[in-house]
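What follows draws every value from the coordinates through simple rules; no lab data is involved. Keep in mind that this is a model prediction, so the values were computed, not measured. Counting neighbours? That spans all protein chains shown, and the Cβs are built from the backbone with ideal geometry, glycine included.
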Ligand code: SF4
């Protein structure tokens, strides 16, 4: 069980005592859902669909925001992190992916361990997390990643290593001729602290077959995360929407994550993000509107009662939409990031030069309270605005 969730498991009591916004009071179905959540019942798939399709988006957001406030008050979390990709070489060719290159492509690259370390050096004093994913390299085995994580830990002991998607872990285990469990044990021993969760796409195999044939199937994604959780490696989980899936399939995805979390309890955060089309090979993608992004954030807050954090991933959705999402159920906007390729190759224009002060301003201007967190949500610092300056105050939850 997530430590923070344990501490926060009286959020339903707080919710019961909170003032209900008038927009919710005027909607009998939203009141029904609120009552279910207060009493510990779950929003089922048909209720989730009805919520998603509600005419009153402001009321849906108000309900999701109420649940978020019952768990975290006005706090919106962010962290000090840096994204460094290991390689863009990939033996797969998912149709939504703008990042991968064939191993012989002129823009294909792979970072040696030394080159990777060199990328961290300019940021090392200002970050406490490295977020690193990459393509499925045709040669690398578990030895390469093991050496990389050991070197990061030796050089920057204060930095948390959040790395690898489920399909990377599966690929590394296959390349190395060992099981996924054994792979994870070796990587954990070398310094892997958590798993970022990318690659879930939509956990419906008929959809995966159309957009990412050859990738791990839905059950494998969940199994790999479950194995990581069994070793005490926490992870996030994601959803890529706006490709070819139906709304019902988005909700099935949420339900599968909720079931897995009941089993293994290691998901810290759910990170939904819409498909970005630049340089991809998915012309039939429906694409997601801003309203759909906000609806997904809100419904995920209402359905995922056992995953504490919902992230408005600004690297994908941008600062304007993230500002809406943190008033619609999301409690996290990710971090300073510094460098990002996967979303920017696909068309993201989100700025990469935001520091803590600018992230704090984004959160404060949305009417909420900026709180810097560590990677596993156990240490917190509130950032408070005084005239022309943001100051930090350590806090505990
Ligand atoms: S999404 Fe990942 S596995 Fe798929 S092509 Fe891109 S890098 Fe490769």
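Distance between Cα centroids, the range 16-84 to the range 331-373: provide it in whole Å. So the separation of the two Cα centres works out to 23 Å. A protection proxy built from the mean count of other Cβ atoms within 10 Å ranks the segments 262-269, 125-132, most packed first, as 125-132, 262-269. Under the shape rule built on the C-alpha gyration tensor, where the axes satisfy a ≥ b ≥ c, the range 351-395 is oblate, since a/c reaches at least 1.5 while a/b does not exceed b/c. A viscosity of 1.567 mPa s and a temperature of 4 °C, combined with the Kirkwood radius over Cα pairs in Stokes-Einstein, give a translational diffusion coefficient for the range 101-199 of 93 µm²/s. Building the convex hull from the alpha-carbon atoms of the range 51-166 and averaging its projection over directions returns 11.1 nm². Relative to the longest principal axis of the chain, what angle (0 to 90°, nearest 10) does the C-alpha long axis of helix 180-190 take? The two axes meet at around 80 degrees. Using Cα pairs under 8 angstrom and six or more residues apart, how large is the relative contact order of the chain, in percent? Contact order relative to length: 20 percent. For the chain, a Gaussian network of Cα nodes joined below 10 Å ranks 47, 147, 107 by mean-square fluctuation, and the top entry is 107. List residues of the range 79-109, by number, whose backbone nitrogen lies under 12 Å from a label position 7 Å along Cα→C-beta of residue 279. Under cut-off, by backbone N: 88-89, 97-102, 106-109.
Spin-label model, residue 341/residue 154: points 7 Å from Cα along the beta carbon direction are separated by 2.4 nm. Between the alpha-carbon centres of the range 115-163 and the range 174-203 there is a gap of 14 Å.
With an a/c value of 1.5 or above and a/b larger than b/c for the gyration tensor axes a ≥ b ≥ c computed over the alpha-carbon atoms, the chain is described as prolate.
Compared with the dominant Cα axis of the chain, that is its longest principal axis, helix 28-38 is turned about 60°.
Once R0 is set to 56 Å, what does the formula 1/(1 + (r/R0)^6) return for the Cβ-Cβ distance between residue 178 and residue 39, expressed as a FRET efficiency to the nearest 0.05? Working from the Cβ atoms, E equals 0.75.
Normalised Debye scattering of the range 3-72 at q = 0.16 Å⁻¹ gives log10 I(q)/I(0) of -0.54, counting only Cα atoms as equal scatterers and leaving out solvent. When the Gaussian network model of the chain links Cα atoms closer than 10 Å, the mean-square fluctuations of 383, 354, 52 top out at 354. In the calculated pair-distance distribution of the range 254-397, the portion above 28 angstrom amounts to 23 percent of the Cα-Cα pairs. Protection proxy ranking of 34-46, 305-317, 70-82, by the mean of other Cβ atoms within 10 Å over each peptide's residues and highest first, is 305-317, 70-82, 34-46. Angle, helix 314-325 long axis vs. longest principal axis of the chain, Cα atoms, 0 to 90°, nearest 10? Roughly 10 degrees between the two axes. Among beta bridges from DSSP that stay inside the range 259-397, the antiparallel ones total about 75%. Gaussian network model of the chain, Cα springs within a sub-10 Å range: biggest mean-square fluctuation belongs to which of 213, 250, 295? Of the options given, 213 has the highest mean-square fluctuation.
For the chain, the antiparallel share of DSSP beta bridges with both residues in that region comes to about 30%. Helix content alone sets the calculated 222 nm mean residue ellipticity of the chain: runs of n ≥ 4 DSSP H residues at -39500 (n - 2.57) each, divided across all residues, give -13000 deg cm²/dmol.
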